[in-house]
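Attaching a single structure in structure tokens format; questions to follow.
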Amino acid sequence: VEVLANLNQVQTKIALTLGDITKQGDVEVIVNAANKSLLGGGGVDGAIHKAAGPQLLAECRQLNGCQTGQAKITGAYNLPNKYVIHTVGPIWNGGAHGEADLLAACYENSLRLAQKTGLKTIAFPAISTGIYRYPLEEASQIALATVQAFVKANPGAFELIKFVLFDQAALDCYYRKL
Ligand code: ADP
């Protein structure tokens, strides 16, 4: 599924894909839904470290972790990308503990860091919606709204922003909202 955001004659393609984020060779950077230690974990984090190889963990050890809502960049090693941006989503705790702002900050700070690094193509997983239990309906709304607001405010910054959804239910949810 692809949507073109046509702003000031500059087009940013926003795409939804069903699949594995470690197999997205058409983007320069993939985003990891990491934990604060940046030392690896389960879910998409485990898959990214496994595919990238042990050098990724070695680089992550030098970063001294990452706060919730913030983002840090590393090399991508054996992945088919140039970089990995590690961001830490909020753990869902009922929704009245700043979760929405922190989740939006993950997308915003990842895009800022990619832009600052000169990258034009990026892929995101559904941050916080697995082990961190953020409800998919709310999380997908925040993901799409934050990315679309960034594209509007920074026309031409990105050529391609992909959401890589791991199952059909997540893809359907994003598709309805888009
Ligand atoms: P969090 O701790 O931020 O919730 P998870 O990795 O547990 O992170 O889950 C985030 C999302 O990533 C979930 O929707 C999960 O289904 C999805 N996911 C897990 N593995 C992959 C993968 N290899 N590629 C893309 N998405 C994945």
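So which of Arg176, Arg133 ends up being among the basic types (Lys, Arg) and part of a helix (DSSP H, G or I)?
On the way: Arg133 fails: part of a helix (DSSP H, G or I).
Of the residues listed, the single one that is among the basic types (Lys, Arg) and part of a helix (DSSP H, G or I) is Arg176.
Of the residues Gly89, Gly65, Gly42, which is under 20 Å from Ser128 (Cα atoms) and surrounded by fewer than 15 Cβ atoms within 10 Å (Cβ to Cβ)? Quick ask: steps written out before the conclusion?
Numbers: Gly89 fails: surrounded by fewer than 15 Cβ atoms within 10 Å (Cβ to Cβ); Gly65 fails: surrounded by fewer than 15 Cβ atoms within 10 Å (Cβ to Cβ).
Every option except Gly42 fails the conditions.
Right, something else. Within the range 19-39, restricting attention to residues that are hydrophobic (A, V, I, L, M, F, W, C) and assigned to a loop (DSSP other than H, G, I, E, B), which residue is surrounded by the fewest Cβ atoms within 10 Å (Cβ to Cβ)?
As a first pass, look at the range 19-39 and keep what is hydrophobic (A, V, I, L, M, F, W, C): 21, 27, 29-31, 33-34, 38-39.
Applying the additional criterion that residues be assigned to a loop (DSSP other than H, G, I, E, B) yields 27, 38-39.
Working: Val27: 26, Leu38: 23, Leu39: 14.
Among residues in the range 19-39 that are hydrophobic (A, V, I, L, M, F, W, C) and assigned to a loop (DSSP other than H, G, I, E, B), the one surrounded by the fewest Cβ atoms within 10 Å (Cβ to Cβ) is Leu39.
In addition: Can you pull out every residue in the range 105-130 that is within 14 Å of the ligand (Cβ to nearest atom) and surrounded by fewer than 21 Cβ atoms within 10 Å (Cβ to Cβ)?
The answer is Gly130, and nothing else.
FYI, it's all coordinate maths here, none of it is from the lab. Given the structure is predicted, the values throughout are model-derived calculations rather than measurements. Heads up, the Cβs are rebuilt from the backbone with ideal geometry, glycines too, and the neighbour counts pull from every protein chain shown.
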